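The values are calculated or read from the model by the stated rules, or taken from the named source; none is laboratory data. Predicted model only: the values in this text are computed from it and were never measured. All Cβ positions, even for glycine, are placed from backbone atoms using ideal geometry, and neighbour counts span all protein chains on display.
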Amino acid sequence: MTTSDMDNLDTSSEADDWRTGDDVTVAEDPAARVDHIVKIYGSGDTEVVALDDVSVGFEKGRMTAIMGPSGSGKSTLLHCLAGLDTVTSGRVKIGDADLSELSDKELTVLRRDRVGFVFQSFNLVPTLTAERNITLQRRLGRHGVDTDWFDKVVDILEIRDRLDHRPSELSGGQQQRVAVARALINKPEIIIADEPTGNLDHNSGREVLEFLRRAVEEYRQTVVIVTHDAAAASYADRVVFLADGQLVGEINNPTTAAIFSRIQELEAQYARA
């Protein structure tokens, strides 16, 4: 967190609706959920338990941030939720689809058609224009492009004058806007964003977060992000905290100050462990 962020912290505790791991909100009709998932890497002396019996749901039409100290398992949870990694045990569901029951082909189709991805490194195809990057998934799935929705997304993200540019001709902020447009174009059940502001300057990062927030509020989009930045996480409706591979709590209606305080507490606690 920068000095300017610290200066702007809201130190009130009114919004610090902290719940411990056992009392974390259970979504009645989640867009996605994980049930008792365990993820183990390696075996024997090299075994690492990245996720240890984690259960959490992600409500439709809300934005959830996943946070935790380094090595807490937050990125692993996001990758398992997105079907980019498999779990050792437990279940992962997106809507009514149990990812463990899908074939590789079915999982590929689900990720393409029902999940939107926003990565820290943008992951744009360098030889394609912004417009073709945005519509790539639709074309790969042999789906037509909803031109009205395309126009709306492009105008919301203010990238119409960059549609014929390739990624190398765009700033980092513009590339991430294109990535957000690509994630939105399918009207996915859930958008999964891994450190979406990690490679951006402060203003560009704020703009991307505002666009994601607008997608939630105006279009009932479900968004799950992993971030290490308390200010970025404060855009969410809810922050879920992991530590040592376990779910340890959540804050609803978070403030930057409340999030930062919890992260400090967790880092201190697990540094002593």
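When you scan the range 212-232, how many residues do you find that are within 13 Å of the chain's Cα centre (by Cα), part of a helix (DSSP H, G or I) and farther than 15 Å from Q120 by Cβ? The total comes to 2. With respect to (1) buried (at least 24 other Cβ atoms within 10 Å of the Cβ); (2) at pLDDT 95 or above, the lone exception for D237 is condition (1). Looking only at residues of the range 44-86 that are hydrophobic (A, V, I, L, M, F, W, C), under 22 Å from A268 (Cα atoms) and surrounded by fewer than 19 Cβ atoms within 10 Å (Cβ to Cβ), we find that the one that is nearest to the chain's Cα centre (by Cα) is V49.
To keep it simple, each residue is scored yes or no on (1) surrounded by fewer than 18 Cβ atoms within 10 Å (Cβ to Cβ); (2) over 28 Å from T227 (Cβ atoms); (3) hydroxyl-bearing (S, T, Y).
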residue: G90; (1), (2), (3): yes, no, no
residue: L99; (1), (2), (3): no, no, no
residue: K105; (1), (2), (3): yes, yes, no
residue: D113; (1), (2), (3): yes, no, no
residue: H143; (1), (2), (3): yes, yes, no
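For the range 156-183, a residue qualifies if it is acidic (D, E) and free of Cβ contacts under 8 Å to residues at least 24 places away in the same chain, and the qualifying residues are E158, D161, E169. Taking each residue of the range 54-69 that is free of Cβ contacts under 8 Å to residues at least 60 places away in the same chain and looking for partners that are of a type outside the set (A, V, I, L, M) and in a strand (DSSP E or B) with beta-carbon atoms closer than 7 Å, six or more apart or interchain, yields G57/P30; G57/R33. Selection of the range 210-229 for residues being modelled with pLDDT under 95, of a type in the set (A, V, I, L, M) and either within 20 Å of S171 (Cβ to Cβ) or in contact with a Ser or Thr (Cβ under 6 Å, 6 or more places away or on another chain) (or both) yields only L212.
On the given criteria, is I259 surrounded by 23 or more Cβ atoms within 10 Å (Cβ to Cβ) and either assigned to a helix (DSSP H, G or I) or touching a Gly at 6+ places or on another chain (Cβ under 8 Å) (or both)? Step through it out loud before you land on a result.
Working: surrounded by 23 or more Cβ atoms within 10 Å (Cβ to Cβ): yes; either assigned to a helix (DSSP H, G or I) or touching a Gly at 6+ places or on another chain (Cβ under 8 Å) (or both): yes.
It is true that I259 is surrounded by 23 or more Cβ atoms within 10 Å (Cβ to Cβ) and either assigned to a helix (DSSP H, G or I) or touching a Gly at 6+ places or on another chain (Cβ under 8 Å) (or both).
Among the candidates D104, D53, D96, single out the residue that is modelled with pLDDT of 95 or more and charged (D, E, K, R). Exactly one residue qualifies, and that residue is D53.
How many of the residues making up the range 87-131 are in contact (Cβ under 8 Å) with a residue 24 or more places away in the chain and either within 21 Å of I40 (Cα to Cα) or assigned to a helix (DSSP H, G or I) (or both)? Reasoning before the result, please.
Going residue by residue through the range 87-131, those that are in contact (Cβ under 8 Å) with a residue 24 or more places away in the chain are 87-95, 107, 109-131.
Next, only the ones that are either within 21 Å of I40 (Cα to Cα) or assigned to a helix (DSSP H, G or I) (or both) stay: 87-93, 107, 109-114, 130-131.
The total comes to 16.
Applying the criterion of being in contact with a helix residue (DSSP H, G or I) (Cβ under 8 Å, 6 or more places away or on another chain) and in contact (Cβ under 8 Å) with a residue 60 or more places away in the chain to the residues of the range 209-228, the residue that is surrounded by the most Cβ atoms within 10 Å (Cβ to Cβ) is V223.
Look at (1) at pLDDT 95 or above; (2) under 20 Å from the mean Cα position of the chain (by Cα) and you find that D113 fails only one, number (1). Screening L78 on (1) assigned to a helix (DSSP H, G or I); (2) of a type in the set (A, V, I, L, M, F, W, C); (3) farther than 22 Å from D237 by Cβ; (4) touching a strand residue (DSSP E or B) at 6+ places or on another chain (Cβ under 6 Å) shows it passes everything except condition (3). When the range 26-41 is limited to residues that are over 18 Å from the mean Cα position of the chain (by Cα) and either at pLDDT below 95 or under 19 Å from Q221 (Cα atoms) (or both), the one that is surrounded by the most Cβ atoms within 10 Å (Cβ to Cβ) turns out to be V26.
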